[in-house]
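Inspection log for the structure reproduced underneath, given as structure tokens.
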Amino acid sequence: MNGFLPTFFQFLFNALYIAIIARILMSFIDQTGQMRATQILHEITEPILGPLRRIIPTVGFIDFSPMVALLLLQVLQRLVVGALLS
């Protein structure tokens, strides 16, 4: 039972990481957002990306909030899993 929580949080952070990358890739495939997969990815990632998008300005047509979210997820994963393993 001692290794369950670190493994669970690693899985959770990895799933969010993959969902954000998938959303980035789907934005090139489905620009209108009409595909169900795009809508699901939007529902999963918007609670993370939405607040970041309000803080980080877009430069031209480039939205940097997914890159910042990926970096923050990595840092948070290291902190949480490291604290659970200690």
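The values are calculated or read from the model by the stated rules, or taken from the named source; none is laboratory data. A quick note: this is a predicted structure, and the numbers were derived from the prediction, not measured. Using ideal geometry, Cβ is built from the backbone for each residue, glycine included, and neighbour counts are taken over all protein chains shown.
Brief remarks on what is shown
- Tally of residues being out of contact with any helix residue (DSSP H, G or I) (no Cβ under 7 Å at 6 or more places or on another chain) and of a type outside the set (Phe, Trp, Tyr) across segment 43-62: 12
- Members of segment 9-31 found to be crowded, with 16+ Cβ neighbours inside 10 Å and either in contact with a Ser or Thr (Cβ under 6 Å, 6 or more places away or on another chain) or not in a helix (DSSP H, G or I) (or both), listed by number: Ala19, Ile20, Arg23, Met26
- Residues in segment 56-79 that are more than 16 Å from the chain's Cα centre (by Cα) and hydrophobic (A, V, I, L, M, F, W, C): Val59, Phe61, Ile62, Leu79.
- Of the listed requirements (1) of a type in the set (Asp, Glu); (2) at pLDDT below 95; (3) under 14 Å from the mean Cα position of the chain (by Cα), Asp30 misses just one: (3).
- Near pairs, Cβ below 7 angstrom, 6+ apart or cross-chain, from segment 19-43 (without any contact (Cβ under 8 Å) to a residue 40 or more places away in the chain and within 16 Å of Asp63 (Cβ to Cβ)) to any residue that is assigned to a helix (DSSP H, G or I) and among the charged types (D, E, K, R): Leu41/Arg23; His42/Arg23
- Of the residues examined, Phe61 is not one that is exposed (fewer than 12 other Cβ atoms within 10 Å of the Cβ) and at pLDDT 95 or above.
- Evaluating Val81 against the criteria (1) surrounded by 12 or more Cβ atoms within 10 Å (Cβ to Cβ); (2) modelled with pLDDT under 95; (3) more than 30 Å from Phe4 (Cβ to Cβ) leaves one unmet condition, (3).
- All of (1) at pLDDT below 95; (2) within 10 Å of the chain's Cα centre (by Cα) hold for Glu46 with one exception: (1).
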